[in-house]
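K.L.:
Take a look at this one; I'll ask things after.
The values are calculated or read from the model by the stated rules, or taken from the named source; none is laboratory data. Everything numeric here is computed off the predicted structure, so don't read it as measured data. FYI the Cβ positions are ideal-geometry reconstructions off the backbone, even for glycines, and counts take in every protein chain you see. These accessible areas exclude ligands, DNA and RNA; they are computed on the full protein's heavy atoms, side chains included. Shrake-Rupley method; radii C 1.70, N 1.55, O 1.52, S 1.80 Å.
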Amino acid sequence: MFTVFCATFFLPGKTACAQGAGLQGARLIVTPPGKQTLFDMSLTPYIIRLSDPQRSLSFRDVVDRPDQDFVSIITSPGAGYTRDAVWYRAEFEVESSPNTQTVSSQNMRLFLEVSPPYLDRIDVAIFSLNEQKFIWRDLLGDTIKVKRDTIKNRSHTTRLPALMPGTYRIVFRVETTSSNLLSASFRNDSTLMSRGGRALILSSILVAALVVIGGVYITGGMLIRDISLFWYGCYVLSVAILGIGLSGLGILLLQPLGTALNDIVTGGGTALSVATSVMMWITVIDLRQISYRLYRAYCIYAGTAAAMAFLAPTPFYVDFGHYFLSFHLLVLLSLFCCLIYRVWLNPRGMHLFYLFALGLPCLAALIYIASLVGLAPANRLTQTIYPVSTLFHLILMGMAMAYRTSYLENARVAAQSRRYRTRQLAEEQREFITMLGHEFRTPLAIIQRSAELISLHLGEAGAGIVDRMARIRSHASQLSALVDVFLTKDTLDRGAFTLNLHPVNLLNFLSDIVDSIDQEGTQIDITLHGDASTAIMADPTLLKLAIVNVIENARKYAPGSPVSVDCNHRGDGYAYIRVLDHGPGMNEEDLSQVSMAFYRGKTSDGTRGVGLGLHIASRILEAHNGSITMSVAEKGGTTVVFKLPIDRDATIHNIRHNSQRMVARRNTHNGGAE
């Protein structure tokens with residue numbers, strides 16, 4: 001027995017008929033029983049669409065509607081993201097040979113395959129125009145609970161009934177929070193199994209490869225601290241998540257576990273791919289160098305897109321697709337323009353390669369997104385161009401990232417080599433300075449001691465000789481102090497010292513420093529104010545060195561101007577020492593670098609020094625778990641602030657003791673008055 005099956009589909013003003021393999025005309029000949037049929041036919045080119053904003057139409061209403069009320073899904077823009085119920089209809093005809101009355105399940109098992117797999121609810125029915133009644137109806141979709149007889153496939157699949165010869169209309173009612181697209185095909189059991197099996201294997205391999213590649217790039221980016229590599233890995237991983245939903249692996253593997261899981265994977269993958277693609281773009285083209293404000297704006301946009309992943313299982317995901325993805329078209333265009341501008345700035349760099357690796361897939365993504373949001377037809381071109389361009393993009397970007405990784409690794413090795421050499425030179429310098437300092441100390445001490453002894457025995461020598469001896473002693477003392485400074489810096493840099501911490505009353509400590517400076521006869525006017533109760537734990541010798549260095553800087557760079565020193569403590573647990581001069585101050589460049597070793601400001605010409613005073617003071621404060629900051633007033637004058645942790649117990653004790661003394665003094669005063 002032979003069975004002849006032919007499907008003829010009608011569009012407004014157009015008729016088409018499926019062609020059998022190797023056959024002419026509109027007939028598909030089915031092989032005898034025991035042999036497999038070659039029947040395999042796509043309905044998509046012949047499907048027409050009708051939107052139902054009020055959701056008031058019935059299946060019979062859609063069947064009876066004239067073709068003029070519908071639009072072709074191939075030549076007209078898609079429905080996009082919409083809350084409307086969308087109806088799809090196609091017409092076909094069944095013919096048989098004289099020996100066969102029906103297309104039965106005994107000699108041909110036919111299946112209906114509906115895509116894309118992320119559609120939420122698909123109500124499908126077949127209407128016989130000859131009998132004027134519905135002969136079959138079924139309900140599909142990724143939100144429909146899986147039953148025992150549900151056919152497991154990458155697409156929504158159901159078995160068709162036995163069809164008598166005649167003309168039929170197949171009608172689909174689709175409701176979904178994702179883009180409302182539809183494609184449908186008739187499959188026989190052989191084609192369904194062979195094609196479905198091959199596609200399942202390829203999809204699984206591709207998704208697994210993307211997961212591995214994304215994980216490798218994310219790990220590599222974190223290890224070598226390359227933000228571009230990290231975000232590219234995140235993008236690849238998000239594409240893999242999205243691929244699970246788009247390829248049908250979601251409804252095959254996740255739908256039995258929960259009806260919302262496929263929506264979560266597909267919607268979340270879409271939102272994450274939008275976010276990570278933007279971050280990949282702005283880091284690859286280094287948008288921060290072009291405009292930091294624009295860079296921050298794109299970062300905020302990417303964060304917002306990632307947050308939209310939480311809308312995936314909700315009805316509000318329609319709004320994300322309708323508004324956010326439509327706006328994303330403009331974002332992609334702006335990023336493409338930034339890339340062109342980057343290439344224009346440096347036409348010979350890697351950005352020219354990125355123009356092909358990112359630019360061409362960007363154009364394909366624009367076309368694909370336009371079809372999703374209803375701005376372009378959802379035909380074979382718009383649905384195929386994005387996966388193909390994505391594969392092209394992944395290959396080229398993989399090459400670019402491999403080159404980038406190799407370049408960064410070589411740069412890292414070179415930097416480590418330079419760092420090692422720098423440390424080696426710095427260590428040799430420290431050893432040389434230490435050796436030189438110790439070698440100088442002995443002869444300098446002999447010179448100073450000899451000059452003092454000679455001065456004692458000069459007696460009635462002339463004034464010229466006495467003056468020369470005084471100059472010898474002065475210069476020897478200066479050279480000895482310079483050696484001490486270098487040795488102190490070397491000790492602090494090595495960390496080869498231990499703090500000799502003692503409780504220090506800050507006001508008394510500063511008073512002793514001011515008195516010692518006054519006794520040395522240096523020409524400087526110092527005033528002291530402070531809180532008598534503030535106490536800290538500090539190494540008096542090192543802290544005195546730090547404060548004296550700052551006061552000495554004020555004396556040298558602001559000669560003749562008064563210096564004010566004050567101290568107090570706050571509720572944040574820190575004591576503050578402020579050294580304020582009224583000199584000309586310094587510019588912002590000097591202010592940011594003045595604490596660096598051997599740095600001397602632009603106004604230091606003619607002033608004796610080596611640029612270590614503030615550096616040593618900063619290291620001493622760091623050793624005390626404190627800090628040192630500098631600021632310059634608008635009218636001149638430099639303020640140096642020492643911040644040190646207070647000794648709470650000693651401070652509280654001082655406060656109580658001072659209060660008791662004040663009470664006792666007040667009582668004594670009152671008693672004397674009486």
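K.L.:
Could you order peptides 141-150, 504-513 by the average number of other Cβ atoms within 10 Å of their residues, highest first?
P.N.:
Ranking the peptides 141-150, 504-513 by packing returns 504-513, 141-150.
K.L.:
Okay, moving on. By accessible area of protein heavy atoms, probe 1.4 Å, what ranking do 394, 43, 580, 206 get, highest first?
P.N.:
Most to least solvent-accessible, the answer reads 206, 580, 394, 43.
K.L.:
Sort region 270-313 into rounded, prolate or oblate with this rule: let a ≥ b ≥ c be the square roots of the eigenvalues of the Cα gyration tensor; rounded if a/c is under 1.5, and if a/c is not under 1.5, prolate when a/b is larger than b/c, oblate otherwise.
P.N.:
Oblate, because a/c is 1.5 or more while a/b does not exceed b/c.
K.L.:
Can you list residues whose amide H is under 5 Å from residue 177's amide H, if they're 5+ apart or on another chain and H is modeled 1.01 Å from N?
P.N.:
The answer is 120.
K.L.:
Scan around residue 583 for amide H atoms under 5 Å from its own, H built in the peptide plane at 1.01 Å from N, and keep only partners 5 or more places away or cross-chain.
P.N.:
So residue 583 has HN proximity to 637, 638.
K.L.:
Along the charge dipole of region 145-198, pointing to its positive end and built from +1/-1 on Cβ of Lys, Arg, Asp and Glu, which listed residue (179, 161, 193) has its Cα farthest out?
P.N.:
My answer, from the dipole projection, is 193.
K.L.:
Can you list the HN-Hα couplings for region 126-132, worked out from phi with the Karplus curve (6.51, -1.76, 1.60; θ = phi - 60°), rounded to whole Hz and with x for Gly and Pro?
P.N.:
10, 10, 8, 5, 6, 8, 6
K.L.:
Same structure again: Just how much of residue 283 is accessible, in Å², when a 1.4 Å probe is used and the result is rounded to the nearest 10?
P.N.:
20 Å²
K.L.:
Starting from the Cα of residue 307, step 7 Å along the direction of its Cβ; do the same at residue 57; then give the gap between the two resulting points in nm.
P.N.:
3.8 nm
K.L.:
Kirkwood Rh and Cα-based Rg: tell me the resulting Rg over Rh for region 186-330, rounded to two decimals.
P.N.:
1.05
K.L.:
Still on this structure, please answer the following. Which ³J(HN,Hα) values, rounded to whole Hz and listed in residue order, are derived for region 570-579 from phi using the Karplus coefficients 6.51, -1.76 and 1.60 in 6.51 cos²θ - 1.76 cosθ + 1.60 with θ = phi - 60°, glycine and proline given as x?
P.N.:
10, x, 7, x, 10, 9, 10, 10, 10, 10
K.L.:
Still on this structure: Roughly how many debye, to the nearest 20, is the charge dipole of region 155-248 about its Cα centre, given +1 on each Lys and Arg Cβ, -1 on each Asp and Glu Cβ, and no other charges?
P.N.:
My answer is approximately 300 debye.
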